Amino acid sequence: MDKNQLREFESSRITCVIHSKLSGLVTEKLFSSGVESIFIESARCARQRILPRIFSFPGKKIEINDSPAEVLSVSVPKENRQSILNLIIKSAELKTPGRGSVYAQDIKEVSTNELQNLTAPEGEDVTILKDLSFINAILSKKGDGEKLAALSLKLGAGVPVLTIGMGTSIRDRLGLIRITIPPEKELIGLVVASHDAPILERLLIDEGHIDRPGGGFIYRTPVYGGVLDPMIRIGRQVKAASMEQIIAALDDLKKGTSWRKRFEGEAYRLESNLSSTPVFSEISFICPGDSSDPILKAVTEEGASGVTISYLRCLTGETKDTVSPARVRGVLCVPQVMESGMTEIITDTALKLDIPITVQKIPAFGVFSHKRYIKP
Amino acid sequence: MPLRTTLIMAWNYAVLRIGEQIKSLAFIILYLTGFQIIVLGSPPTNSLKIAFGVSLVIFGLAFFLEGIFLGLMPLGEKVGLYLPQRTGIIVIVLFGLFMGLGATFAEPAIASLRFAGSGVVPWSAPLLYRILENEPQMLIVSIGAGVGVAVACGMIRFYYGISIKPFIFTIIPVLLAATVYCSLDKNLVKILGLAWDSGAVTTGAVTVPLVLALGIGVSKAMGKSEGASGGFGVVMLASAFPVLGVLILGIVLNSTTPYPVTETEFFSAAHREKALSLAGTEEALLRLAYTRGTNKGRESYFGDENEYRRSLLTLSEPQQKEKLIGSMTLNEWLINKASPVERDIAPADYIRNGRSGKSGLSGMKNIFKSESKIAFFAVLPLTLLLLIVLLLFLRVRPKYFDEVVLGIIFALIGMTLLTSGIRTGLAPLGDEVGRSLPRVFKSIAREEGRVLIEPFDEKQVITVFSIDGDQDRFFYLKDGRGNPVHVPFIEANYDKEKGRYEHIVKKPPLFGPELTLLGIALVLLFAFGLGYGSTLAEPSLTALGSTVEELTVGAVRKKGVIQSVSVGVGAGLVVGVIWLMYDLPTLWMILPPYLLVLALTYWSDEDFSGIAWDCGGVTTGSVTVPLVLAMGLSIGGELHIADGFGILAMASVYPIITVLLYGLSVKSHQRRSIMKISGEV
């Protein structure tokens, strides 16, 4: 592979979280519109389930219900962003609460593949919510995700999406004693209104004990817009429309979520670094499943404090593909000043070893690790 | 890193792992000892040895599971991930075949089968006897071929992304049809239990995680649209194909095997040629008459009364005794095999102490030695095969090679400790309870041993009268602790001439002389608890549960899978014990549950079908098999059923039902989250 083949361009990353039974529906539509490849990651969505108490005692029992989901991710040219969102929303009926969510993030991408203009069907644009933020919490201890998921549901923040990742770098430096530290990490993704995001992040830090040593890592990235799944509760519906449907309808009417802004009086409690000034960058790279090790080694040597890797499948439109669909995505957060250097290290290592690579970059804010806010 | 910090980290890690195993074993240990003390009313003997064995099991499980997760599974997954990328389907299929065969030769599942069939007699089940005793190599090859074909089929499934359901709906009806066909033949019907059990026991503690990881690797490398179900299904196939292999072996050997006859007919001179075709030599035939036959068989063998008596008298000569009854002691033979007439003829060799058996930790060295050899053969050949394929053919080095090596060492240590612990602690405990268990439902007193009192003074016998004038005579005998025990005097046991009294030690039935519902209920409760508790501690199930949780990102919980499988094994054992107690036809025990499983599979998700059928294969592992067989054989022996086959097959099929039901319940909950869909789901 030649360095000249790698190009940096602006694109839009569209992420769709959908029940695993419905993902085929969406991938089929995306391929028909000209999308070349879709990355899929297994996930689960947590929701509250309301049950009556035993022997009809007064009150209700609330438990967490998990449903298998898949996170589909595609890169599209910015000009096709709205049409692809329309396509996904319409094909999977995402306006109906409980079916899933979709959102677009504007990113910078470095890849050999140039994005082709897509041919999504024309039609009236679907109203999408804007001014959103994606909160990504990476928790070191398996099982801690439950508490965080329960909290975000309790606060009505949205439906949390839980995935599994593997932590590298710090663990690797310990020698064989590393076996005492489980490499599995639990990742929680939550898309919320930007105005509530800092306060919600603060609450998640407290509840998930991210402020304790070895607790984990949390940050936010901006979201251009999307449709969120408001169905945080499942159970018997006794009214003509659920509260979630009413909220979704009001969001549509108000063309945003600012009407439901809360935590106003508490803003003063926020530390400055949880504010919305991006000083960090989230760099994610996607490479074939068997070739991530040298890249991970290179970024660690360059000074990345930790990389979280997730296992993905890459679907292509080809019916018969000889290349393995197994992919690895590594995610790291670095100060913006290091962004270009780190990108170069990743691409250089990939070029040297002839590894097909895609690097995506997006500003990150509110980056928090244990005991302190990370300052660049 | 400072040494102190390293030690703290290692300590916390060890405490966590060992704590997990104490939790998983707590139920079965408390249950067995509780049942023995509270229900059977006798405290466990050799408590120190059992406690030592149990602690070995705890450490063994902790080491073995860590070894699986650090070494074996990452290795299997890596090979699975790279094989499809660097080779073609033919190499993968050949590798699968080779690995399946190797796994069968490496893991001593066949030992469990021979143990289960240790009481099989060649007159009532000639074909079964022939397969187990005369053709064990052919049995191993047919089981190995079955596992090999299964792993190869599994690889094809993952490579081409074929659903597991067509495999299930093809192989299971074929197996059921073969079972129906075999049930129509007098000889073949006897091997049905063996065939279905061999399917259950083949997938051992090392094979399951390796095959599972291999499947996940291939599935990750090739699976385009597979979700959580990718990687499952091979264990199920590895449980089904060996059944077919054994049935085919039986059908082939049946044409040259004599049909069942009565014991007298079998040992008669007229039938000698056919009998010798099964026993081999005259000496072996005579030993069969002594060790597995009754007095009728021995009488028929000699034909002549005098010769028969002479042979019984030779039992006092050590060399001749070895020839006739093998390693069995004369006392054991007199209690378990001899008729009252034979006991009179044969020379007495009574035990003076009511209890026999060595106590303490003696013999541990030998146990460790033999178990480490077994562990060595179970772990090393397969892992070496994978390592060679990975390093030499695929030219890939695992990222954490030191972890893999440490994992293999942990697996070796763990398996040695685990199997040694089971042999010294868990199996004797289960065996002790199992042996006492028939007292719960049996209506007559059980003979436990004989004590010879010499010299005996009849004048010391006391007579008691009832108000009707009936007389009973008794005397006092010192028990092991020196306390006087009231013993009824039986005239027939007193030899006036020699001045000695033969006291037969009997344990009375627990619930009176009648067969009680309470007794049967207790046996069934015991069976359920034994199955449930031993499955909770099964290492391959823990590995499967963790894999399921990981692949479904927690949407299906490890705890849920383990609990539903354990309940299934418990239920399976209940049905298995009912089968033994009422001697129900094998076909009717196998056909209905499998038809139900097929129906449930039809309604189930692809994901759960693979998981559930694999659960059926992993349930019967290193912890469950010895305990279940001990119980099955003791109940079977008490009811004069020659073998304990079939009970493991029940422990395999019922977990499939419970996991499929668990899957349907999870699915119904999950559906609520997308209930408003018009019809796609």
Ranking A:ILE355, B:ILE37 from most to least accessible area with a 1.4 Å probe gives B:ILE37, A:ILE355
Largest-first principal axis extents of the Cα set of the range B:137-182 (Å): 33, 26, 7
Comparing the chain by itself with all protein chains present, which residues of the range B:542-558 are at least 30 Å² less accessible (probe 1.4 Å)? B:GLU550, B:VAL553, B:ALA555, B:ARG557
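Please report, in debye to the nearest 20, how large the charge dipole of the protein assembly as shown is about its Cα centre when each Lys and Arg carries +1 at its beta carbon and each Asp and Glu carries -1 there. Each step should come with its number before you reach the end.
On the way: 105 positive and 100 negative charges, 372 e Å.
Dipole of the protein assembly as shown, to the nearest 20 debye: 1780 debye.
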What lysines does A:LYS29 reach when the alpha-carbon gap must be under 21 Å and sequence neighbours fewer than 8 apart in one chain are set aside? A:LYS21, A:LYS78, A:LYS90, A:LYS95, A:LYS320, B:LYS224, B:LYS676
Taking every pair of Cα atoms in chain B, average 1/r, invert it to obtain the Kirkwood radius, and report Rg/Rh to two decimals. 1.02
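Hey, what number do you get for the protein assembly as shown at 222 nm if only DSSP H runs of n ≥ 4 count, each worth -39500 (n - 2.57), divided across all residues, to the nearest 500? Don't skip to the end; give the middle numbers.
Details: 37 runs with 520 residues, N = 1057.
It lands at -16000 deg cm²/dmol.
Want the number for B:VAL174 to B:ALA51: 0.36 nm per residue separation, take away the alpha-carbon distance, what's left? The partial results should precede the final answer.
Details: separation 123, 0.36 × 123 = 44.28 nm, distance 4.63 nm.
Separation in residues times 0.36 nm, less the Cα-Cα distance, equals 39.7 nm.
Could you compute how much accessible area chains A and B hide from each other, both sides summed, with a 1.4 Å probe? Nearest 100 Å² is fine. Don't skip to the end; give the middle numbers.
On the way: alone 18350 and 30540 Å², together 44970 Å².
Answer for the A-B pair: about 3900 Å² buried.
Starting from 0.36 nm per residue, how many nanometres of slack lie between B:MET328 and B:MET138 once their C-alpha separation is accounted for? Please list the in-between numbers first.
On the way: separation 190, 0.36 × 190 = 68.40 nm, distance 2.81 nm.
Full-extension gain reported as 65.6 nm.
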Roll a 1.4 angstrom probe over the protein heavy atoms and tell me the percent of accessible area of the range A:280-373 that is carbon or sulfur. 51
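Using the heavy atoms of the protein chains and a 1.4 angstrom probe, tell me the accessible area per residue for chain A in square angstrom.
Details: 16410 Å² over 376 residues.
Per-residue value: 44 Å².
Using only atoms on other chains, find how many Cβ atoms lie within 10 Å of each Cβ of peptide A:18-25 and report the average.
On the way: counts 1, 7, 9, 9, 4, 2, 3, 2.
Whole-number average of other-chain Cβ neighbours for A:18-25 is 5.
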What residues from the range A:224-259 fall in the zone where the backbone N is under 15 Å from a label point 7 Å along the Cα-to-C-beta line of A:LYS95? A:226-230, A:245-256
Which Cα, out of B:THR547, B:THR424, B:VAL147, lies furthest along the positive dipole direction of the protein assembly as shown (beta carbon charges, K/R +1, D/E -1)? B:THR547
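Kindly sort B:THR203, B:THR33 by accessible area of their heavy atoms, largest first, with the probe set to 1.4 Å. It would help to have the intermediate numbers written out before the result.
Working: B:THR203 5, B:THR33 35 Å².
Result, largest first: B:THR33, B:THR203.
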Express in Å², to the nearest 10, the accessible area of B:ARG423 obtained by rolling a 1.4 Å probe over the protein heavy atoms while all chains stay in place. 120
For a Förster distance of 35 Å, can you work out the FRET efficiency between the beta-carbons of A:SER340 and A:LYS154, rounded to the nearest 0.05? 0.30
Under 4 °C and 1.567 mPa s, how fast does the protein assembly as shown diffuse according to Stokes-Einstein, given a Kirkwood radius computed over C-alpha pairs? Answer in µm²/s, whole number. 40
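With a 10 Å radius around each residue's Cβ, average the other Cβ atoms per peptide and rank B:549-559, A:243-253, highest first. Intermediate values should be presented prior to the final figure.
Working: B:549-559: 20.6, A:243-253: 16.0.
In decreasing order of mean packing, B:549-559, A:243-253 become B:549-559, A:243-253.
Give the calculated FRET efficiency between B:LYS496 and B:ASP472 to the nearest 0.05, with a Förster radius of 30 Å applied to their Cβ-Cβ distance. All intermediate terms of the calculation are to be shown ahead of the outcome.
Working: r = 20 Å, r/R0 = 0.66.
Efficiency, from the Cβ-Cβ distance: 0.90.
Would you mind checking A:LYS130/A:LYS239; A:LYS141/A:LYS361; B:LYS274/B:LYS321; A:LYS255/B:LYS558; B:LYS78/B:LYS558; A:LYS154/A:LYS185 for any pair whose Cα atoms are more than 31 angstrom apart?
Going by Cα-Cα distance, A:LYS255/B:LYS558 fall outside the 31 Å limit.
Accessible area per residue for chain B in Å², computed with a 1.4 Å probe and the full protein assembly in place, what is it? Each step should come with its number before you reach the end.
Details: 28560 Å² over 681 residues.
Accessible surface, normalised per residue, equals 42 Å².
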Helix B:401-421 against the longest principal axis of chain B: what's the angle in degrees, Cα atoms only, rounded to the nearest 10? 20
At R0 = 25 Å the Cβ-Cβ FRET efficiency linking B:LYS559 and A:GLU184, nearest 0.05, sits at 0.90
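Report the equivalent ellipsoid semi-axes for the range B:446-507 in whole Å, largest first, defined as the square roots of five times the eigenvalues of the gyration tensor built from alpha carbon atoms.
Values: eigenvalues 77, 48, 30 Å².
Calculated on Cα positions only, the semi-axes equal 20, 16, 12 Å.
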Cα-projected label distance for A:ASP348 with B:GLU282, points at 7 Å along beta-carbon direction, nm: 9.0
Between A:LYS61 and A:LEU250, how many nm apart are label points set 7 Å from Cα along the C-beta direction? 3.1
Dipole axis of the range B:446-507 (+1 Lys, Arg; -1 Asp, Glu on Cβ), positive-most option in B:PRO455, B:GLN471, B:PRO484: B:PRO484
The simple spin-label model distance between A:LYS239 and B:ALA599, using points 7 Å out along Cα→Cβ, in nm, is 4.3
For the range A:280-373 the translational diffusion coefficient, Stokes-Einstein from a Kirkwood Rh over Cα pairs at 25 °C and viscosity 0.890 mPa s, in µm²/s, is roughly 174
With the full set of protein chains in place, find how many percent of the accessible area of the range B:276-338 is carbon and sulfur; take the probe as 1.4 Å. 45
Counting only DSSP beta bridges with both partners in the protein assembly as shown, the antiparallel fraction in percent, to the nearest 5, comes to 100
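The values are calculated or read from the model by the stated rules, or taken from the named source; none is laboratory data. Not measured: the values here are computed from a predicted model. Cβ sites come from the backbone with ideal geometry, for glycine too, and all protein chains shown count toward neighbours. In case anyone asks, the SASA skips ligands and DNA or RNA and just uses the protein heavy atoms, side chains included. Shrake-Rupley method; radii C 1.70, N 1.55, O 1.52, S 1.80 Å.
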